[in-house]
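The structure appears below as structure tokens.
The values are calculated or read from the model by the stated rules, or taken from the named source; none is laboratory data. Predicted, not measured: the structure shown is a model, and the values here were computed from it. Cβ coordinates were reconstructed from backbone atoms using ideal geometry, including for glycine residues, and neighbour counts include every protein chain displayed. Accessible surface areas use protein heavy atoms only, side chains included; no ligands, DNA or RNA. Shrake-Rupley method; radii C 1.70, N 1.55, O 1.52, S 1.80 Å.
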Amino acid sequence: FYNLIDNAIKFTEPQGTVTISGRQDSSHIEFTIADTGIGIATEQLPLVFERFYRADAAREHYRGVGLGLSICKSIVEAHQGTIVVASELGRGTVFTVRFPILAAVEADDSSEVVEGIAESTARSSRAG
């Protein structure tokens with residue numbers, strides 16, 4: 001999410017807007033990062049998730065080698081999610097990230113997890 005938000009801020013003029021939102025249904029949670037920035041040309045959209053791809057010369061003054069979005073896609077897919085982009089040149093871009101909701105842990109198991117986290121946290125704070 002950091003990369004998506006960072007890109008949205010970088011490619012949006014100071015008077016523009018970056019909006020981050022989320023919603024959930026019974027089987028998925030979905031996040032959108034939308035901006036009113038420079039946008040991406042239609043013919044470039046299928047390429048933005050490829051390693052080392054840089055969209056155009058308008059972005060040349062920003063550091064980077066074109067790995068951010070491919071890494072985002074790899075991470076999202078590793079969690080059985082999807083990431084898609086919609087954009088219009090000169091009007092902005094919207095990235096939508098969608099993850100399946102995992103089955104809830106049974107009540108007995110969740111208390112053990114919480115206790116384990118609390119113990120680990122207490123040990124870490126005493127050690128420091």
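Among what's in region 73-96 and is small (G, A, S) and in a loop (DSSP other than H, G, I, E, B), pick the residue that is surrounded by the most Cβ atoms within 10 Å (Cβ to Cβ). Before you say what the answer is, go through the steps one by one.
Taking region 73-96 as the starting set, the residues that turn out to be small (G, A, S) are 74, 78, 81, 86-87, 90, 92.
From what's left, in a loop (DSSP other than H, G, I, E, B): 81, 90.
Working: G81: 17, G90: 10.
Ranking the qualifying residues of region 73-96, first place goes to G81.
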Exercise for the section: Could you please let me know if I29 is at pLDDT 95 or above, open to solvent by 30 Å² or more (accessible area, probe 1.4 Å) and touching a Gly at 6+ places or on another chain (Cβ under 8 Å)? Expected result: yes
